[in-house]
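Asker: Quick one: the structure is below, and I'll ask about it shortly.
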Amino acid sequence: MKQQIKTAEWKSADDSYDVARVREDFPVLGETVHGKPLVYLDNAATAQKPRAVIQRLARYYETENSNIHRGVHRLSEIATRAYEDARSTVKGFLNAAEEREIVFVRGTTEAINLVARCYGGSRLRPGDEVVISAMEHHSNIVPWQLICQEKGAVLRVIPVDDDGDIVMDEYRRMLSDKTRMVALPHVSNALGTVNPIKEMIAEAHAAGAPVLVDGAQGAPHANVDVRDLDCDFYAFSGHKLYGPTGIGVLYGKAALLEDMPPYQGGGDMILSVSFEHTEYNALPYKFEAGTPHIAGVIGLGAAVGYLTNLGVEAVAAHEDRVVAYAVERLRSVAGVRLVGTPERRASLVSFVLGDVHAHDVGTILDQEGIAVRTGHHCAMPVMDRFGVPATVRASFACYNTEAEVDVLADGLEKVRRIFARV
Ligand code: C6P
């Protein structure tokens, strides 16, 4: 049984952004959980899908399903066109210079592994350094650890301060002629910190090092202009940006991608194959071996189109209001301690509630219909840095409201009553 949320309750304070209208685009938001209206605050893990994406996927499977770049038949042409149109949409979204700089991958994780393996694997020498930060998701740690171990290179970690901001002086000190790569998150998934990546990219370049930006939590919440940032690589996942799972994007400067060996071998990444010699395909196909996630790419194109129609800046401004309200409201709940109070925050807030384990908080909130993420958020070093085993994380998207923050705060009061010791 669906329990529809009353529009007025969910209207954003700023009337120019009609959040009630936006909510209507997301069928799942009409669901109930344990008899309560769903309050979905786990968007950093994965965002919900608007009807435009769901219907686009259905249309592809119902009327266009075919393999791409292979057939001369009509359906294959249609599918190929749709797939390449999505690439063009993503190129526009990131303001990349060329479509061949947009490589479709499974997600941020695969994008980073690709760069670590293909760029790092071909360039790193013993004693070279790769610089990451103390706020990384495991996806931007382990691939670099693996390639550094293999090549005898050194992984350097920029510290973060007690607020969850990168210590810029330490970063500057760390850069040297040994630095071969800097890999940084645009936005921290565990703290919400928005890093000053443009400035950090310029500093890395001054030291002669390229920069990969892990944009998993950036692209859905900020206007990304890869040419303005001048980043060398930018990675993001479709499913956090209202698109399907299993699809993501690696943007790379053409000159760098050209120089890198392929990631995987197989169909579509070749021009010719003999047992003696294989000639690789041009960009971006060199990095898209095998039948890709065609529906995923087309669905991602629809998701990017959806977000662009809402207006990335309008969405970001709305989310900023909601997250600012969340910070203020959570601070008023006795026993709540925010983990991360960065200078610039985007889209999420992490906290602990007294000595109640985050999983217990999450379980009680779930009974109230509230979905939050609890745990280490695949960022164990961040938990160590802040001396907590886990946090509760509320993360917001284009359809969340201040009223939902109130429901969260009420849920936390209930947790406090249950754990009277808080
Ligand atoms: N973070 C979260 O709940 P994938 O799994 O490949 O789509 O994204 C990996 C990834 C990389 N970097 C950052 C900053 C991320 O936040 C994530 C995914 C989710 O925080 C799932 S662990």
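Asker: On the basis of being outside any strand (DSSP E or B), within 16 Å of the ligand (Cβ to nearest atom) and free of Cβ contacts under 8 Å to residues at least 60 places away in the same chain, does MET135 make the cut?
Answerer: Criteria not met by MET135.
Asker: Can you spot a residue in segment 93-103 that is within 13 Å of the ligand (Cβ to nearest atom), in contact (Cβ under 8 Å) with a residue 40 or more places away in the chain and either acidic (Asp, Glu) or part of a helix (DSSP H, G or I) (or both)?
Answerer: For segment 93-103, residues within 13 Å of the ligand (Cβ to nearest atom), in contact (Cβ under 8 Å) with a residue 40 or more places away in the chain and either acidic (Asp, Glu) or part of a helix (DSSP H, G or I) (or both): absent.
Asker: Give the number of residues within segment 313-346 that are of a type in the set (Gly, Ala, Ser), assigned to a helix (DSSP H, G or I) and over 24 Å from ILE418 (Cβ atoms).
Answerer: Count: 4.
Asker: I'd like to check something: does segment 283-298 contain any residue that is out of contact with any strand residue (DSSP E or B) (no Cβ under 9 Å at 6 or more places or on another chain) and within 27 Å of SER122 (Cα to Cα)?
Answerer: The answer is yes; a qualifying residue exists.
Conditions (1) touching a Leu at 6+ places or on another chain (Cβ under 8 Å); (2) under 20 Å from TYR306 (Cα atoms), marked per residue:
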{"site": "ASN223", "(1), (2)": "no, yes"}
{"site": "VAL249", "(1), (2)": "yes, yes"}
{"site": "TYR263", "(1), (2)": "yes, no"}
{"site": "LEU271", "(1), (2)": "no, no"}
{"site": "TYR280", "(1), (2)": "yes, no"}
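Residue-wise test of (1) in contact (Cβ under 8 Å) with a residue 40 or more places away in the chain; (2) buried (at least 21 other Cβ atoms within 10 Å of the Cβ); (3) within 15 Å of ILE294 (Cα to Cα).
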{"position": "ALA45", "(1), (2), (3)": "yes, no, no"}
{"position": "PRO50", "(1), (2), (3)": "yes, yes, no"}
{"position": "ALA58", "(1), (2), (3)": "no, no, yes"}
{"position": "ARG74", "(1), (2), (3)": "no, no, no"}
{"position": "THR80", "(1), (2), (3)": "no, no, yes"}
{"position": "SER88", "(1), (2), (3)": "no, no, yes"}
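Asker: Moving on to the next point. Any chance segment 62-71 includes a residue that's in a loop (DSSP other than H, G, I, E, B) and of a type in the set (A, V, I, L, M)?
Answerer: yes
Asker: Sticking with this one: Go through (1) surrounded by fewer than 20 Cβ atoms within 10 Å (Cβ to Cβ); (2) within 22 Å of ALA47 (Cα to Cα); (3) not hydrophobic (A, V, I, L, M, F, W, C) for TYR306 and report which single condition fails.
Answerer: So the condition that TYR306 fails would be (1).
Asker: Also, I was wondering about something else. Check segment 402-415 and report whether any residue there is in contact with a Gly (Cβ under 9 Å, 6 or more places away or on another chain), away from the ligand (no atom under 16 Å from the Cβ) and assigned to a strand (DSSP E or B).
Answerer: Within segment 402-415, not a single residue is in contact with a Gly (Cβ under 9 Å, 6 or more places away or on another chain), away from the ligand (no atom under 16 Å from the Cβ) and assigned to a strand (DSSP E or B).
Asker: In segment 169-193, which residues are under 14 Å from the mean Cα position of the chain (by Cα) and among the β-branched types (Val, Ile, Thr)?
Answerer: VAL187, THR193
Asker: Another question, if that's okay. Would you mind stating whether ALA324 is small (Gly, Ala, Ser), modelled with pLDDT of 95 or more, outside the structural domain of HIS221 (by TED's automatic domain parsing) and away from the ligand (no atom under 16 Å from the Cβ)?
Answerer: Judged against the criteria, ALA324 is a match.
Asker: Can you spot a residue in segment 301-314 that is modelled with pLDDT of 95 or more, within 16 Å of the ligand (Cβ to nearest atom) and in the same structural domain as GLY92 (by TED's automatic domain parsing)?
Answerer: Yes, there is a match, as at least one residue in segment 301-314 is modelled with pLDDT of 95 or more, within 16 Å of the ligand (Cβ to nearest atom) and in the same structural domain as GLY92 (by TED's automatic domain parsing).
Asker: Checking LEU146 against (1) in a helix (DSSP H, G or I); (2) more than 16 Å from the ligand (Cβ to nearest atom); (3) surrounded by fewer than 18 Cβ atoms within 10 Å (Cβ to Cβ); (4) of a type in the set (A, V, I, L, M), which single condition isn't satisfied?
Answerer: Condition not satisfied by LEU146: (2).
This table checks each residue for (1) on the phi > 0 side of the Ramachandran plot; (2) of a type in the set (Phe, Trp, Tyr); (3) outside the structural domain of HIS138 (by TED's automatic domain parsing); (4) surrounded by fewer than 23 Cβ atoms within 10 Å (Cβ to Cβ).
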| site | (1), (2), (3), (4) |
| --- | --- |
| GLY340 | yes, no, yes, no |
| ASP360 | no, no, yes, yes |
| ILE364 | no, no, yes, yes |
| HIS376 | no, no, yes, yes |
| ALA379 | no, no, yes, no |
| MET383 | no, no, yes, yes |
| THR391 | no, no, yes, no |
| ALA394 | no, no, yes, no |
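Asker: Taking only segment 380-422 into account, find how many residues are free of Cβ contacts under 8 Å to residues at least 60 places away in the same chain, among the aliphatic types (A, V, I, L, M) and either touching a Phe, Trp or Tyr at 6+ places or on another chain (Cβ under 7 Å) or within 30 Å of SER16 (Cβ to Cβ) (or both).
Answerer: Result for segment 380-422: 1.
The values are calculated or read from the model by the stated rules, or taken from the named source; none is laboratory data. Remember, it's a predicted structure, so these values are computed and weren't measured experimentally. Neighbour counts run over all protein chains shown; Cβ positions are idealised from the backbone, glycine included.
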